[in-house]
Amino acid sequence: MKQTKKKFAYFVPFDTTGIQAFLEKQAREGWMLEKAGGAIWQFRRIEPKNIHFSVVFFPNASGFDPAPSEAQQSFFDFCEHTGWKLASSDGKRQIFYNEAEDPTPIETDAALEVDTIHKAAKKDYLPSCLAFLAILLMEFLSEFRFMCTDPIAVLSNNFSLFAGIDTLLTLLMLGIELGSYYLWYHRARAAAELGTFKAPPSSLARRMTVFCLIFSLIGFGAAQFFGSKGVSSNAALTALITLAGVGLIAALVIGASKWMKRKQFSAKRNRAVTIALAVVCSWLLVIGVVTAIVRYDCFAASEKTPAETYEYKGHTIEVYHDKLPLTVEELMDPGYDAYSYEAYDVQESVLLKYEEASQAPRMDALKEPQLFYSVTTVKTPLVYDLCKEAALRDVSTLTGHPRPNDEGDLLDQFVPTDPGPWKAKEAYQRVFDGEKKTWFVLCYDGRIVRIIFEGDDWTLNDEQMALVGEKLGK
Amino acid sequence: MAREKFKTLTEQMFYTLLCLREPCYGMDILDRVPAMTNKRVNIGSGTLYTLLEQFLDGEMIREVGVEGRKRSYVLTEKGKEMLKTECERMTAQLADYHKIFEQENEQ
C-alpha cells in the first residue's frame with residue numbers, strides 16, 4: 001500500500017481557511033501533511049483522524065533562509081507549548097497541527113492576526129503581484145495597440161489571438177485577486193475592531209487564472225491541430241523552445257536556491273545570487289530567441305521556392321507561378337506574359353481566414369496591368385464590422401498615414417461607391433487628393449475583399465467587376 | 001477607525017502585562033493567564049509572541065534573562081504606568097456602572 005502521496009492543490013499564500021480545510025480533510029482520509037508546496041503537497045499515510053491545522057505567518061522568515069532563525073525557533077517553541085506542532089514551514093507561511101479536541105488557536109487576537117498577515121503579504125506576495133500586474137499591463141497595452149492598428153493580423157492568427165486572450169484573462173484575474181485582497185484587508189481591519197476575524201479571500205481567482213491559461217493553451221493547440229493556420233513551423237518551434245527555456249530557467253533558479261540553502265548560504269546571499277541568476281538566464285533566453293527569430297526568419301512567411309529568379313539593379317527578384325483565384329488574364333488581355341503569380345501564406349484562426357495574392361509584372365515593366373488583393377473570410381459576424389473598418393482604414397499601410405487637409409477632411413480615404421456592379425453589399429473606392437484610384441474595398445456576406453488594380457489600362461467595366469465578385473466574393 | 005496602539009489595552013494585553021509584574025518566561029504566560037482568569041482568557045501562542053515583540057518595541061517590557069531559547073521579561077516603568085492607567089480607566093468605568101444602577105435601585 002502506498003505510504004506517501006503527492007497532491008496538486010493551488011492556493012494563494014494567505015488563504016488560511018482554504019488550506020486548513022484542505023489539510024483537515026486529508027487527515028480525516030488518512031493523509032498527514034509532510035511538506036507544503038506552491039502547488040504540489042506531499043503527504044504520508046496515517047490512521048484517519050480529526051486533526052486541527054493552523055496556517056500562520058512569520059513575517060521575518062524568508063524562503064531563502066538556510067534554516068529557521070532563532071526567533072522563528074522560539075516562535076515554534078511557543079506554539080508547541082500549546083500543543084501546536086510544526087507540520088511544514090515554507091518561507092513566511094508556517095503550518096501547525098494539533099491533535100487536541102478543542103485547542104486554543106495560535107492567533108487569538110483578530111487585529112494582530114490581520115496585521116501579521118498583511119505584514120507578511122507586504123514583503124513577498126504584494127510586491128510580486130504588483131510587479132506581475134505592471135508587466136501584464138504593459139503587455140496588454142502593446143497587444144491592444146496592435147489590435148487597434150491591425151485587427152485582421154491579430155484575429156487571423158491563433159497565436160496572437162490566444163496570447164491576447166491569455167493576457168487579458170490573466171490581467172483580469174490578477175486584478176480580481178489583488179482587489180479582493182485589499183478589500184479583505186480593509187474589511188478585516190474594521191471587523192477586528194469589533195473583535196471578529198474575517199477570513200482572507202479564497203484562492204478562487206488564482207485557480208481561475210490557472211484554468212484560463214490551461215484553457216487557452218488547449219484552445220490554441222486544438223485550433224492548430226484542427227487545421228487552422230497562422231504560425232509557421234519555425235515560429236511554433238521557437239515558441240516551444242521559449243516555453244521549454246522558461247521551464248528550464250525556473251528549474252535552474254529554484255534548484256540553485258535550494259542547493260544554496262542546503263549549503264547554508266545566508267538568506268541575503270542566496271537571494272542576491274538567485275535574482276542575479278534569474279535575470280542573467282532570462283536575458284540569455286531573450287537574446288537567444290531574438291537571434292533565432294532574426295537568423296531563421298521565424299515569423300516571416302514560410303519559405304517558398306521561386307519558379308525562377310532574375311536580376312534587377314543588383315537585386316535578385318523572385319518569380320512565382322502559384323495558382324491564383326483571380327488573374328489579370330481573366331479580366332482582360334494584358335498583352336504581357338512575364339508575370340509573377342504569388343499567393344502569400346494563408347493566415348487562419350478560429351475567427352478569420354486571411355488570404356493575400358499578387359500578380360506583378362517584372363520590375364522593368366511596371367506599367368503593365370497588375371493586381372493585388374486580399375480576401376478576409378469572417379467566420380463570426382461579431383468581428384465583421386471591426387475587420388471592415390480596418391480594411392477601410394488600411395490606406396495607411398501603403399501610402400503613409402492619411403493626412404487631413406485644412407478643412408479637416410482626409411485627403412486619402414475610401415469613399416462609398418455603387419456596390420451593384422461588384423455584386424457586393426457595400427463597395428468603397430479610394431480617393432486620393434480628390435482623384436479616384438482603382439483601389440476598392442468590397443463587402444460580401446462573411447467576406448471582405450480589398451483589391452488594387454495597378455498599372456495602365458484599367459478602365460473597369462461592369463463585366464469585370466461582376467467577375468471579381470464572382471471569383472473573390474463567394 | 002483603527003485602535004490607536006496601546007492607548008487602551010485588550011484583555012490579552014492587560015493580562016500579559018500583569019503577568020510580567022515580576023520576571024517571567026514568555027512561554028509561561030501561556031499557562032498563567034488561563035490560570036489567573038479561571039480559563040476565561042486564553043492567549044494564543046502566535047498572539048503572545050507578537051504582543052511580546054510589540055511590548056518590547058514600545059519599551060513597556062524589557063528582557064531580563066535568557067535560558068537557551070527561553071527569554072524572560074519584566075515590566076518597565078512605562079509598562080507599569082500603562083497598566084495603571086488602564087486599571088484606572090476600568091475602575092472609573094466600574095464606578096460609573098455602580099453609580100447608575102445604585103441610583104436606579106434607590107429610586
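Points worth noting:
- Of the strands (runs of 3 or more DSSP E) lying entirely inside segment A:46-133, the ones with 3 or more residues being within 14 Å of another protein chain (Cβ to nearest Cβ), within 40 Å of the chain's Cα centre (by Cα) and under 30 Å from A:ASN270 (Cα atoms) are found at A:52-57, A:93-98.
- Residue ID - farthest from A:TYR320 (Cα to Cα), chosen from residues in segment A:343-358 that are surrounded by 20 or more Cβ atoms within 10 Å (Cβ to Cβ) and among the hydroxyl-bearing types (Ser, Thr, Tyr): A:SER349
- Any hit, segment B:36-45, residues being in contact with a helix residue (DSSP H, G or I) (Cβ under 6 Å, 6 or more places away or on another chain), under 21 Å from A:GLY83 (Cβ atoms) and surrounded by 20 or more Cβ atoms within 10 Å (Cβ to Cβ): yes
- Count of residues meeting criterion [out of contact with any Pro (no Cβ under 7 Å at 6 or more places or on another chain), farther than 20 Å from A:VAL468 by Cα, surrounded by 14 or more Cβ atoms within 10 Å (Cβ to Cβ) and not aliphatic (A, V, I, L, M)] in segment A:306-341: 2
- Screening B:MET1 with (1) at pLDDT below 95; (2) touching a Pro at 6+ places or on another chain (Cβ under 9 Å); (3) not aromatic (Phe, Trp, Tyr) gives one miss only, at (2).
- Segment B:46-81, subset among the β-branched types (Val, Ile, Thr) and within 15 Å of A:GLU113 (Cα to Cα), residue surrounded by the most Cβ atoms within 10 Å (Cβ to Cβ): B:THR47
- Scanning segment A:332-365 for residues that are within 14 Å of A:PHE453 (Cβ to Cβ) and modelled with pLDDT under 90 turns up A:MET332, A:PRO334.
- Among the candidates A:LEU172, A:LEU136, residue that is part of a helix (DSSP H, G or I), at pLDDT 85 or above, under 30 Å from A:VAL378 (Cα atoms) and touching a helix residue (DSSP H, G or I) at 6+ places or on another chain (Cβ under 6 Å): A:LEU136
- Test result for A:ALA163, crowded, with 18+ Cβ neighbours inside 10 Å, of a type outside the set (D, E, K, R) and either within 9 Å of the chain's Cα centre (by Cα) or within 14 Å of chain B (Cβ to nearest Cβ) (or both): no
- Any hit, segment B:23-35, residues being hydroxyl-bearing (Ser, Thr, Tyr) and in contact with a helix residue (DSSP H, G or I) (Cβ under 8 Å, 6 or more places away or on another chain): no
- Of all residues in segment B:12-29, those that are within 12 Å of chain A (Cβ to nearest Cβ) have Cβ atoms under 8 Å from Cβ atoms of residues that are surrounded by 23 or more Cβ atoms within 10 Å (Cβ to Cβ) and among the polar types (S, T, N, Q), 6 or more apart or on another chain, in B:GLN12/B:THR47; B:ILE29/B:THR16.
The values are calculated or read from the model by the stated rules, or taken from the named source; none is laboratory data. Small disclaimer: the values here were computed from a predicted structure and weren't measured. Positions of Cβ are backbone-derived with ideal geometry, glycine not excepted, and every protein chain shown enters the neighbour counts.
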